[in-house]
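The values are calculated or read from the model by the stated rules, or taken from the named source; none is laboratory data. All values reported here derive from a predicted model rather than from experimental measurement. All Cβ positions, even for glycine, are placed from backbone atoms using ideal geometry, and neighbour counts span all protein chains on display.
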Amino acid sequence: MPTRRSFLGAASALALPNLFSTARAANSASTSGDKPMSADLILHNGLLTTLDRTNPNATAVAIKDGKFLAVGQDREIIALAGPDTKVVDLKGKRVLPGLNDNHTHVVRGGLNYNMELRWDGVRSLADAMDMLKRQVAITPPPQWVRVVGGFTEQQFAEKRLPTIEEINAVAPETPVFLLHLYDRALLNGAALRAVGFTKETPNPPGGEITRDGEGNPTGLLLAKPNAGILYSTLAKGP
């Protein structure tokens, strides 16, 4: 299954060689004309991985009007400095592109790091449930065990999610909130008691509390048509 990291790596591998080839061409053009083009910014004495097989490593980069002007070694790049060029000595440090990821959950991940269980890449449901059992054993009350995404039942050899009964068996007293993508969540009996879902609890706007034949919540929450019920239920935890 492709991950965010592999996607970014593939995108970089496709884009950066062309970028650095263009930069080398700009470098050649800037030094061959009657009036050499000077850079606005030069970073030198650094480490740059270009992903260009013909020029895999560089030590300096020149930037003009917010775009790469040239990428190469210190001597050729420093030659592009003009009287107004800002020159930065990187002192041997690595230069990374400005990749912006606006969906990292940094705050929640930091606050709940020791309370969340990750099933990313786990190959079998049996192994996942064993991980859940061990997490339950080290989770003090009244904290919940949260499995908050990053997995799908298709990664498991069994090709299914756990049942509520299976979750109850490994966590009879510790609340468990298991988020599957953004379409549903599974709550064990302890979690249902913790959030106060009963036969009388109405469905919240945009979500469904599934019920048994007698009207009691089963522990399966469905996001219909949005994930509001999932977020609001998770927010009820300590």
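Here are some notes:
- Of all residues in segment 130-160, those satisfying the criterion of being crowded, with 19+ Cβ neighbours inside 10 Å and of a type outside the set (K, R) are L132, Q135, V136, T139, W144, V145, V147, V148, F151, F156.
- Screening the candidates T139, T152 for the property of being over 23 Å from L192 (Cβ atoms) and among the β-branched types (V, I, T) yields one hit, T152.
- Residues being assigned to a helix (DSSP H, G or I) and either among the hydrophobic types (A, V, I, L, M, F, W, C) or in contact with a Lys or Arg (Cβ under 7 Å, 6 or more places away or on another chain) (or both) - total across segment 192-236: 6
- Residue among T233, T201, T210 that is touching a helix residue (DSSP H, G or I) at 6+ places or on another chain (Cβ under 8 Å) and polar (S, T, N, Q): T233
- Condition met for I164 (touching a residue at least 12 places away in the same chain (Cβ under 8 Å), out of contact with any Pro (no Cβ under 7 Å at 6 or more places or on another chain), surrounded by 13 or more Cβ atoms within 10 Å (Cβ to Cβ) and closer than 22 Å to Y182 by Cβ): yes
- Test: residue in segment 59-74 that is surrounded by 11 or more Cβ atoms within 10 Å (Cβ to Cβ), assigned to a loop (DSSP other than H, G, I, E, B) and touching a residue at least 24 places away in the same chain (Cβ under 8 Å): no
Rundown of residues vs (1) surrounded by 20 or more Cβ atoms within 10 Å (Cβ to Cβ); (2) outside the structural domain of L125 (by TED's automatic domain parsing); (3) closer than 19 Å to P142 by Cα, yes/no style:
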| site | (1), (2), (3) |
| --- | --- |
| P172 | no, no, yes |
| L178 | yes, no, yes |
| G196 | no, no, yes |
| P202 | no, no, no |
| G207 | yes, no, no |
| T210 | no, no, no |
| G213 | no, no, no |
| T218 | no, no, no |
| L221 | yes, no, no |
